[in-house]
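Trainee: One structure coming up, written as structure tokens, with questions to follow.
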Amino acid sequence: MSMLSRLIPNKRKSVLATFETPHGERDTKETIAELSRAVRNDPDAVEIYIALGNLYRAQGDIERAVQLRNNLIARPGLNEEFRVRAFLELGHDYRRGGFMDRALQAFERARRIAGDTEEILQSLAVLYAEVGNFLDASRLYGKLGHKIGQSHYMVLHGEELLSLGSEGEASKSFNKALRIYKGSVEAWIAKFALAAQNCEIRKCSSILKDGLTNITPSMRFLMLEHIYTSLDEYAESCDDDFATNLCKIVVEVLDTQDPDIIIQYYCARFHIYDGNIEEANAWLAKTMVLNPNFWAARMELLGLAMNEQPLSPVFKNQLGFFVNQIGNVKRFVCSHCGIRRLETFYSCPKCRNWHTAAFRIHLQD
């Protein structure tokens, strides 16, 4: 039984149930009203104050939520555990309201009382990341023993340095990210992008080989997707020959990998970009052997066939529309919560789990 259950009398158990499993805005408002009455009747019920403040925050009423936390914090003789809880919730209130400086102050006050607890460090790490203090976010994830998060924000710190013209320091940050976590796909991507922007074709090949060796196999598509979608950018910053040679280098590296449906699919895409349609068809055929139901490979084959087969203008137009529509399918999915996205991600925007992105092999995924 939770402390909130013990503090609320039996006749208010229905209120607790409503709080724990809200069913909509109307239920939330009714719960707020019930908890407000409970607080008035039992001013020592600290957890009711906390629960009520959380509901105000959920409703977007940040001012009333903050007032409740401050009233609780000001109570003489308040147990330190509850004071820490109140400061933490106050920080979340301010963060929800966009008052990041005040949120930081509240979290730090909780930290001074309770020390480096996991919840406090996590709250601070998320806040630092949101305000763009990537170096401190990385440091706090390190304290939490979260190597993926620590490495991720070290990469973002490096990219920030790169945007300021500090290429050498940025490169050091990318290397540090890999020392923290060798499988950091975002760090390998950052190193590859830096080499490509400097038109260093051999270095690109070396980084790609090392990256594919160290990145978790299910995550390798992220690096390949980034390279493919950046080819036009690389052609602009270097020249068309660089982009063409980069395609050849990538295919040579991928050709050394064990048979893999995603690897073979991207081989075909790089051949298509390079204009080598015969090789693209061959790689797509290999992909279909591994999995005949891989929709993305089928769409590439259909697109190539449209350009090779004599079709009536009307049919070709209708088929082209269909192919274009399929091209807008959300190709990436979180393997943990199932959310689908058009673009790749490192931390799921819904469930916040790290490195759970996957390529949708079947449309029903």
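Trainee: So, restricting to helices (runs of 4 or more DSSP H) that lie completely within region 179-259, which ones have at least 3 residues that are under 26 Å from Ala358 (Cβ atoms) and either β-branched (Val, Ile, Thr) or free of Cβ contacts under 8 Å to residues at least 24 places away in the same chain (or both)? So that I can check it myself, show each step before the final result.
Mentor: Values: elements: 185-197, 201-214, 220-229, 231-237, 240-254.
In region 179-259, 185-197, 201-214, 240-254 are the helices (runs of 4 or more DSSP H) which contain 3 or more residues that are under 26 Å from Ala358 (Cβ atoms) and either β-branched (Val, Ile, Thr) or free of Cβ contacts under 8 Å to residues at least 24 places away in the same chain (or both).
Trainee: When you scan region 115-125, do you find a residue that is of a type in the set (Val, Ile, Thr), surrounded by fewer than 22 Cβ atoms within 10 Å (Cβ to Cβ) and either under 28 Å from Asn214 (Cα atoms) or in contact with a strand residue (DSSP E or B) (Cβ under 9 Å, 6 or more places away or on another chain) (or both), even just one?
Mentor: Within region 115-125, none of the residues are of a type in the set (Val, Ile, Thr), surrounded by fewer than 22 Cβ atoms within 10 Å (Cβ to Cβ) and either under 28 Å from Asn214 (Cα atoms) or in contact with a strand residue (DSSP E or B) (Cβ under 9 Å, 6 or more places away or on another chain) (or both).
Trainee: Further question on the same structure: Look at Leu35 and say whether it is modelled with pLDDT of 85 or more, open to solvent by less than 50 Å² (accessible area, probe 1.4 Å) and of a type outside the set (Phe, Trp, Tyr). Write out each step before concluding.
Mentor: On the way: modelled with pLDDT of 85 or more: no; open to solvent by less than 50 Å² (accessible area, probe 1.4 Å): yes; of a type outside the set (Phe, Trp, Tyr): yes.
Here the answer is no, as Leu35 does not meet what is asked.
Trainee: Can you name every residue in region 331-351 that is farther than 18 Å from Ser218 by Cβ and either loosely packed, with under 12 Cβ neighbours inside 10 Å or aliphatic (A, V, I, L, M) (or both)?
Mentor: Leu342, Pro349
Trainee: Test of understanding: among Gly145, Gly149, which residue is at pLDDT 95 or above, open to solvent by 30 Å² or more (accessible area, probe 1.4 Å) and either under 30 Å from Arg85 (Cα atoms) or in contact with a Gly (Cβ under 8 Å, 6 or more places away or on another chain) (or both)? Before the answer, list the steps.
Mentor: Values: Gly149 fails: open to solvent by 30 Å² or more (accessible area, probe 1.4 Å).
Answer to the selection: Gly145.
Trainee: Mind telling me which of the residues Ala196, Ala190 ends up being within 20 Å of the chain's Cα centre (by Cα), crowded, with 22+ Cβ neighbours inside 10 Å and of a type in the set (Gly, Ala, Ser)?
Mentor: Numbers: Ala196 fails: within 20 Å of the chain's Cα centre (by Cα).
Checking each option against the conditions leaves just Ala190.
Yes or no, residue by residue, for (1) open to solvent by 20 Å² or more (accessible area, probe 1.4 Å); (2) at pLDDT 90 or above; (3) touching a Pro at 6+ places or on another chain (Cβ under 9 Å); (4) under 23 Å from Tyr94 (Cα atoms):
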| residue | (1), (2), (3), (4) |
| --- | --- |
| Thr31 | no, no, yes, yes |
| Val39 | no, no, no, yes |
| Pro43 | yes, no, no, no |
| Leu52 | no, no, no, yes |
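Trainee: Scan region 156-171 and tell me whether some residue there is surrounded by fewer than 18 Cβ atoms within 10 Å (Cβ to Cβ), closer than 23 Å to Phe221 by Cα and in contact with a helix residue (DSSP H, G or I) (Cβ under 6 Å, 6 or more places away or on another chain).
Mentor: no
Trainee: State which residue is surrounded by the fewest Cβ atoms within 10 Å (Cβ to Cβ) when the search covers only region 209-235 and only residues that are closer than 16 Å to Asp274 by Cβ and of a type in the set (A, V, I, L, M, F, W, C).
Mentor: Going through the qualifying residues, I end up with Ala235.
The values are calculated or read from the model by the stated rules, or taken from the named source; none is laboratory data. Everything numeric here is computed off the predicted structure, so don't read it as measured data. With ideal geometry, Cβ positions are generated from the backbone for all residues, glycine too; neighbour counts draw on all protein chains shown. Calculation scope for accessible area: heavy atoms of the full protein, side chains included, ligands and nucleic acids excluded. Shrake-Rupley method; radii C 1.70, N 1.55, O 1.52, S 1.80 Å.
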